[in-house]
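Remarks on the structure that follows.
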Amino acid sequence: MISTSGSQLLPEKAIKELRTKLLPLATVLTPNIPEALLLLKDSGAETSEPTDLEGLIELAKKICSLGPKAVLLKGGHLPLTKDKKIPQDPKDATTVVDILFDGTTATLFETEFLVSKNTHGTGCSLASAIAANLASGKDMIRAVRSAVRFVEVGIKTSTDLGKGSGPINHFHSIYTMPFAPYVTAFVND
């Protein structure tokens, strides 16, 4: 709905349809903070931008009340200090906390705050990795934990391509060989 750079990707009139028709069908919704605030605003719920970890958890709970079975609120728009507070100086940001709320329990996933221009599509990559992990039989917490780590390593191992925001390295876990291994064939006379 809203890109990493802050551009709104979904027209206003489509937000209500998304909120009322799709969210109740969702297994897990993965909004960033601006998307979560937009959904709540559209629903008429009173909310304010979170300023700390407790605010992030409350935001995840409010989004979950809109219908999805679970919500993974992505914390990348609000990096925190080691003690989980908003940094006075952006250079003091060290941690990103993503919050999974399943209707009863909040599970926190902490990763290092990475300064990189290669974050294009991180939300789509994260949601796709969660879906793939769930489809392969992982439970929700393991599926999310693996997906969060996949994206984190993808950012860490990314290579600058072109100008502006580049993609993460989606292939960081694939081992390739420069050519096929040597195979010996024996022929009987």
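The values are calculated or read from the model by the stated rules, or taken from the named source; none is laboratory data. Note that this is a predicted model, so its numbers are computed, not measured. As a convention, Cβ positions derive from the backbone with ideal geometry for all residues, glycine included, and neighbour counts pool all protein chains shown. In case anyone asks, the SASA skips ligands and DNA or RNA and just uses the protein heavy atoms, side chains included. Shrake-Rupley method; radii C 1.70, N 1.55, O 1.52, S 1.80 Å.
A compact table of results
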| item | result |
| --- | --- |
| Segment 67-159: C-alpha gyration tensor shape, a/c 1.5 cut-off, then a/b vs b/c | oblate |
| Given charges at Cβ of Lys, Arg, Asp, Glu: the chain dipole, positive-most of Ser48, Val28, Phe113 | Val28 |
| Exposure of Leu53 as accessible area (Å², to 10), given a probe of 1.4 Å and all protein chains | 30 Å² |
| Average accessible surface area per residue within the chain, 1.4 Å rolling probe, Å² | 61 Å² |
| Net +/- balance of residues flanking Leu80 in space, Cβ distance below 12 Å, scoring K and R +1, D and E -1 | -4 |
| Answer label, with percent of Cα pairs over 26 Å apart calculated from the coordinates and candidates (1) 41; (2) 46; (3) 37 | (3) |
| Violating pairs (Cα-Cα greater than 23 angstrom) within the set Lys41/Lys74; Lys82/Lys156; Lys61/Lys85; Lys16/Lys84 | Lys16/Lys84 |
| Within the chain, percent of DSSP bridges classed antiparallel, to nearest 5 | 75 percent |
| Share of carbon and sulfur in the accessible heavy-atom surface of the chain [1.4 Å probe, %] | 57 percent |
